[in-house]
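**Student:** Encoded as structure tokens, here's the structure I'll be asking about.
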């Protein structure tokens with residue numbers, strides 16, 4: 001679950017996106033969204049956004065953001081979130097999030113509602129204690145990040161092998 | 001982390017895919033892969049595959065599958081996995097996995113190495129005790145599914161609101 005902020009030239013908006021994909025081993029992301037989402041017009045027009053990473057303590061805000069519309073709601077005000085200015089893009093960072101990734105849209109594949117974007121700047125709140133993300137199952141339940149397993153040694157061999 | 005099996009007309013193969021995306025609220029998936037992956041040719045030619053969902057107890061097999069190549073390795077034999085026949089596609093199911101989703105490729109977006117596919121059959125091993133999936137962070141570490149949070153009531157309101 002990530003939050004995606006946009007700025008349409010007049011105002012900021014936020015949407016909740018359940019499904020993101022990190023592509024390849026490069027700073028390229030894709031999300032799926034479409035015209036049913038009020039932010040989509042701003043995303044298409046400005047061709048930039050911020051992917052903000054919320055943590056489990058923010059779950060009710062994240063679900064709330066996904067269940068109201070920017071057409072009639074100032075989501076920053078309603079959910080008591082703080083908009084911060086980014087380094088590169090005009091879409092706002094969300095101060096309360098664990099990380100904020102400023103992105104430029106590099107392609108919109110309308111047929112599949114896929115927006116492909118590239119990170120141009122990123123910052124992380126390293127002082128933040130709660131770092132667990134949440135992931136939508138799709139049925140209204142969410143899975144919280146659990147323990148971490150290290151397989152860096154095993155993965156290192158990947159450099160010398162094809163897949 | 002999912003395993004993707006293919007059948008090229010002669011033999012079965014498996015690849016490890018870190019990044020999948022469930023698109024929209026439909027049984028459509030996308031993965032990113034490309035020519036560097038031996039399975040890619042079979043995927044393009046047969047236009048079908050099986051997405052097999054492994055759990056945390058299978059992590060070393062999953063990483064192992066991702067660090068050797070089908071060009072010189074029978075991965076089912078090497079990793080002691082059992083190939084089962086699917087209902088619709090020729091790519092094999094993996095018996096040891098939690099779930100197996102038979103998929104037809106509906107689009108290949110070469111520019112971004114995105115393969116879009118649709119589920120045509122699925123089965124789940126409901127008797128399996130270990131159900132926790134693992135997710136690649138990208139640096140050789142993996143996050144195991146933790147606790148589950150229910151927000152079904154809150155999400156129900158989504159049906160009556162735009163996003």
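**Student:** Free of Cβ contacts under 8 Å to residues at least 12 places away in the same chain, in contact with a strand residue (DSSP E or B) (Cβ under 6 Å, 6 or more places away or on another chain) and surrounded by 17 or more Cβ atoms within 10 Å (Cβ to Cβ): which single residue out of B:101, B:143 fits that description? If you could, list the steps in order and put the result at the bottom.
**Tutor:** Working: B:101 fails: free of Cβ contacts under 8 Å to residues at least 12 places away in the same chain.
None of the other options fit; the residue is B:143.
**Student:** Residue check: is residue B:74 surrounded by fewer than 18 Cβ atoms within 10 Å (Cβ to Cβ), under 17 Å from the mean Cα position of the chain (by Cα) and under 18 Å from residue B:17 (Cα atoms)? Give the steps one after another, and end with the answer.
**Tutor:** Details: surrounded by fewer than 18 Cβ atoms within 10 Å (Cβ to Cβ): yes; under 17 Å from the mean Cα position of the chain (by Cα): no; under 18 Å from residue B:17 (Cα atoms): yes.
It is false that residue B:74 is surrounded by fewer than 18 Cβ atoms within 10 Å (Cβ to Cβ), under 17 Å from the mean Cα position of the chain (by Cα) and under 18 Å from residue B:17 (Cα atoms).
**Student:** Part of a helix (DSSP H, G or I) and touching a strand residue (DSSP E or B) at 6+ places or on another chain (Cβ under 6 Å) - does that describe any residue in the stretch A:21-34? Steps first, please.
**Tutor:** First pass over the stretch A:21-34, keeping only residues part of a helix (DSSP H, G or I): none.
Within the stretch A:21-34 (the criterion being part of a helix (DSSP H, G or I) and touching a strand residue (DSSP E or B) at 6+ places or on another chain (Cβ under 6 Å)), the answer is no, since none of the residues qualifies.
**Student:** Quick check on this structure: which one of A:90, A:45, A:61 is more than 23 Å from residue B:28 (Cα to Cα) and part of a loop (DSSP other than H, G, I, E, B)?
**Tutor:** A:90
**Student:** Among the residues of the stretch B:1-20, which ones are under 21 Å from residue A:154 (Cβ atoms) and not in a strand (DSSP E or B)?
**Tutor:** Correct list: B:1, B:18, B:19.
**Student:** Further question: I'd like the full set of residues that are away from chain A (no Cβ under 13 Å) and surrounded by fewer than 21 Cβ atoms within 10 Å (Cβ to Cβ), limited to the stretch B:33-47.
**Tutor:** Result: B:44, B:45, B:46, B:47.
**Student:** Hey, another quick one. Do we have residue A:109 as more than 29 Å from residue A:128 (Cα to Cα), at the interface with another protein chain (Cβ under 10 Å from one of its Cβ atoms) and crowded, with 22+ Cβ neighbours inside 10 Å here?
**Tutor:** On the way: more than 29 Å from residue A:128 (Cα to Cα): yes; at the interface with another protein chain (Cβ under 10 Å from one of its Cβ atoms): yes; crowded, with 22+ Cβ neighbours inside 10 Å: no.
Considered against the rule, which asks whether it is more than 29 Å from residue A:128 (Cα to Cα), at the interface with another protein chain (Cβ under 10 Å from one of its Cβ atoms) and crowded, with 22+ Cβ neighbours inside 10 Å, residue A:109 comes out as no.
**Student:** Right, another one. Let me spell it out: the conditions are (1) assigned to a strand (DSSP E or B); (2) more than 26 Å from residue B:113 (Cα to Cα), and residue A:51 meets all of them except one. Which number is the exception?
**Tutor:** Condition (2) is where residue A:51 drops out.
**Student:** Taking the stretch A:128-140 only, how many residues are crowded, with 16+ Cβ neighbours inside 10 Å, in contact (Cβ under 8 Å) with a residue 12 or more places away in the chain and in contact with a helix residue (DSSP H, G or I) (Cβ under 8 Å, 6 or more places away or on another chain)? Give the derivation first.
**Tutor:** Step one: filter the stretch A:128-140 for residues crowded, with 16+ Cβ neighbours inside 10 Å, giving A:133-136, A:140.
Right, trim to in contact (Cβ under 8 Å) with a residue 12 or more places away in the chain and you get A:133-136.
Among the residues that remain, those that are also in contact with a helix residue (DSSP H, G or I) (Cβ under 8 Å, 6 or more places away or on another chain) are: A:133-134.
Counting residues in the stretch A:128-140 that are crowded, with 16+ Cβ neighbours inside 10 Å, in contact (Cβ under 8 Å) with a residue 12 or more places away in the chain and in contact with a helix residue (DSSP H, G or I) (Cβ under 8 Å, 6 or more places away or on another chain) gives 2.
**Student:** Here is a further query. (1) surrounded by fewer than 22 Cβ atoms within 10 Å (Cβ to Cβ); (2) touching a strand residue (DSSP E or B) at 6+ places or on another chain (Cβ under 6 Å); (3) within 12 Å of another protein chain (Cβ to nearest Cβ); (4) farther than 30 Å from residue A:113 by Cα: which one isn't true of residue B:67, the others all being true?
**Tutor:** With respect to (1) surrounded by fewer than 22 Cβ atoms within 10 Å (Cβ to Cβ); (2) touching a strand residue (DSSP E or B) at 6+ places or on another chain (Cβ under 6 Å); (3) within 12 Å of another protein chain (Cβ to nearest Cβ); (4) farther than 30 Å from residue A:113 by Cα, residue B:67 is out only on (2).
**Student:** Can you tell which of B:130, B:96 is more than 8 Å from chain A (Cβ to nearest Cβ), at pLDDT 90 or above, under 21 Å from residue A:150 (Cβ atoms) and in a loop (DSSP other than H, G, I, E, B)? Break it down stepwise before answering.
**Tutor:** Working: B:96 fails: under 21 Å from residue A:150 (Cβ atoms).
Residue meeting the stated conditions: B:130.
**Student:** Could you check the stretch A:77-93 and list, in sequence order, the residues that are buried (at least 19 other Cβ atoms within 10 Å of the Cβ) and within 14 Å of another protein chain (Cβ to nearest Cβ)?
**Tutor:** A:79
**Student:** From the list A:20, A:5, A:26, which residue is more than 11 Å from chain B (Cβ to nearest Cβ) and either buried (at least 21 other Cβ atoms within 10 Å of the Cβ) or modelled with pLDDT under 80 (or both)?
**Tutor:** Working: A:20 fails: more than 11 Å from chain B (Cβ to nearest Cβ); A:26 fails: more than 11 Å from chain B (Cβ to nearest Cβ).
A:5 is the lone residue from the list that is more than 11 Å from chain B (Cβ to nearest Cβ) and either buried (at least 21 other Cβ atoms within 10 Å of the Cβ) or modelled with pLDDT under 80 (or both).
**Student:** Name every residue in the stretch B:112-127 that is outside any strand (DSSP E or B), more than 19 Å from residue B:1 (Cβ to Cβ) and either within 12 Å of chain A (Cβ to nearest Cβ) or in contact (Cβ under 8 Å) with a residue 12 or more places away in the chain (or both), in order of residue number.
**Tutor:** Initially, the stretch B:112-127 is screened for residues outside any strand (DSSP E or B), giving B:112-113, B:125-127.
Restricting the remaining residues to those that are more than 19 Å from residue B:1 (Cβ to Cβ) gives B:112, B:126-127.
Hit for the stretch B:112-127 is B:112, nothing else.
The values are calculated or read from the model by the stated rules, or taken from the named source; none is laboratory data. Here the structure is a predicted model, which means the values were calculated and not measured. Quick reminder, even Gly has a Cβ in these numbers, built from the backbone with ideal geometry, and neighbours come from all protein chains shown.
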